[in-house]
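The structure appears right after this line, and notes come after that.
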Amino acid sequence: MSRVQKLDDPTIFKEIKTGMTSTSSLPGSNVQQMTVWFNHFKATGEIKLPRSKTQIGWVGTHHKVIHKYLLDTYKPPKYQYSTLRFHLEALANILLAIDKKKYKEITRPMWNKALEHQKDIDEQRKENKLTDREIENFVCFQDIVKIRDEYHDRWADKLKDKKLNMYHLILAMNTYNPPMRLNLVGMEIWKGKKEPPDDVETNYLWKKPDGNYEIAINHDKIENKRIAHAKKKGYKYKRQSIKLYEEIPGVTDGKRLQSILDKSLKYFPREYVLAGIRTHGSPMGKSSYDKAFETIFEPISKKPTQNLIRKSYVNHWYRLGAVNSKKLEAIASRMRHSVSIAMLSYVKVNIDCDQPQVQDDILPEKISIKPPKKKTEYFNAAKYAKQYRLKHKEKIKVQRHDNYKKNKDRILMKKVLWNLNHESTTMPRKDTVAKYKLKYNPREKRWESDLE
């Protein structure tokens with residue numbers, strides 16, 4: 001197996017946090033990918049899962065099954081090389097978070113496979129071409145702007161419409177300012193006099209006391225690399241703060257974007273930049289964000305990703321000719337990469353944006369917001385169970401009595417465990433420990449029984 005820097009560099013390996021039991025300290029991207037696996041295995045019933053998605057121990061228990069599922073599922077051409085790489089890296093990271101010594105060598109082939117796919121990705125980049133799937137869903141920047149303006153006009157007529165508000169804001173944040181990666185997803189709004197905290201993995205849109213907005217970046221795929229680079233070079237690292245009110249002349253329109261943000265928040269007060277439409281202001285998740293693009297561009301039969309929106313933006317400004325190198329550097333900085341990376345990974349030769357895909361005379365007719373589907377009345381399990389218990393009250397009573405007689409020790413053991421683990425009782429008696437074979441698990445910080 002090849003050398004893996006994360007495993008074989010003692011300094012880097014020492015920095016890996018381990019002994020975790022929940023998702024609370026995992027990067028958001030790893031949590032999202034683990035949720036995909038959880039939902040898959042919940043649907044198939046192939047492995048036993050915990051009740052809560054926040055527990056991560058099951059990943060270690062069933063890592064072989066998960067690994068096989070990833071290799072069998074995320075194959076090209078249906079999925080890009082990068083998709084499998086992201087999933088393999090997430091699996092490896094979670095295993096190291098659980099127990100880095102135990103799973104160190106188990107994760108090595110995962111890192112090697114991810115590296116192998118990264119080489120394939122790099123080969124594709126050298127060709128400077130969009131893949132067939134990307135071509136199918138690519139939208140030229142001028143067309144994104146037309147659709148953005150159409151959404152603005154529709155929203156202006158229905159300012160209290162939350163869906164129009166969010167969809168227009170997504171387009172505005174990705175066109176009036178250079179589009180970032182997925183930093184908008186989960187981004188919180190901060191209104192304090194002092195700048196938002198920098199010791200968390202939350203990104204913030206800061207509305208300053210003077211009414212201007214800044215985006216404070218605490219976490220994304222390159223933030224840890226930037227921090228590590230600063231440590232290596234021996235200088236104090238300061239996170240990037242994107243000031244929307246500072247214009248890149250002829251490129252950004254921060255003044256208009258700030259006005260849109262004010263109006264958006266006025267008619268839809270919330271704690272997040274992008275909030276769920278039907279979830280009372282909770283953050284819009286990645287799947288909902290992707291679905292928003294699918295709905296927005298449905299009239300022209302496109303399903304672009306955030307990465308394609310970024311490629312569209314870069315190709316527009318880098319091909320324009322009138323944008324000097326200083327402006328290109330400013331654009332790259334706000335997109336959180338370099339000009340050289342933009343030229344290598346984003347500028348593509350097989351893009352033709354001379355002829356617009358969206359015609360002005362058909363756009364108003366084509367784009368529409370679908371009304372919400374009528375609520376389907378689903379089977380109510382709780383209601384049915386309540387009615388069943390009332391109808392068969394005496395029968396259930398007899399069954400419970402018989403069950404208690406048959407499984408008395410196990411039932412009482414579970415009751416004791418529940419009391420101990422919910423702090424109703426702090427320390428069991430010696431005879432109770434012996435009778436129910438109790439033991440304390442210091443790693444999980446909970447009581448268990450050998451009778452389970």
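Could you check, for region 254-264, whether at least one of its residues is over 30 Å from ASP161 (Cα atoms) and in contact (Cβ under 8 Å) with a residue 40 or more places away in the chain?
There is no residue in region 254-264 that is over 30 Å from ASP161 (Cα atoms) and in contact (Cβ under 8 Å) with a residue 40 or more places away in the chain.
Please determine, by comparing only the residues of region 265-297 that are assigned to a helix (DSSP H, G or I) and touching a residue at least 24 places away in the same chain (Cβ under 8 Å), which one is farthest from ARG133 (Cα to Cα).
Ranking the qualifying residues of region 265-297, first place goes to TYR267.
Does any residue in region 1-19 that is in a helix (DSSP H, G or I) come within less than 6 Å, Cβ to Cβ, of a residue that is among the β-branched types (Val, Ile, Thr) and surrounded by 12 or more Cβ atoms within 10 Å (Cβ to Cβ) six or more places away or on a different chain, and which pairs are these?
LYS6/ILE12
Counting only residues that are among the hydroxyl-bearing types (Ser, Thr, Tyr) and outside any loop (DSSP other than H, G, I, E, B), which one in region 202-223 is surrounded by the most Cβ atoms within 10 Å (Cβ to Cβ)?
If we take residues in region 202-223 being among the hydroxyl-bearing types (Ser, Thr, Tyr) and outside any loop (DSSP other than H, G, I, E, B), then TYR204 is surrounded by the most Cβ atoms within 10 Å (Cβ to Cβ).
How many residues does region 52-88 hold that are of a type in the set (D, E, K, R) and within 17 Å of VAL31 (Cβ to Cβ)?
1
In region 157-184, which residues are without any contact (Cβ under 8 Å) to a residue 24 or more places away in the chain and among the basic types (Lys, Arg)?
Selection gives LYS158 alone.
Is region 307-323 home to any residue that is under 18 Å from ILE135 (Cα atoms), out of contact with any His (no Cβ under 9 Å at 6 or more places or on another chain), among the β-branched types (Val, Ile, Thr) and surrounded by 16 or more Cβ atoms within 10 Å (Cβ to Cβ)?
yes
Could you grab me the full set of residues in region 21-75 that are part of a loop (DSSP other than H, G, I, E, B) and of a type in the set (Val, Ile, Thr)?
THR21, ILE47, THR54, ILE56
Since every read-out is calculated from the coordinates, none of them should be taken as a lab result. For clarity, every value in this text was computed on a predicted model and none was experimentally measured. A quick note on method: Cβ atoms are made from the backbone with ideal geometry, for glycine too, and the neighbour counts reach across all protein chains shown.
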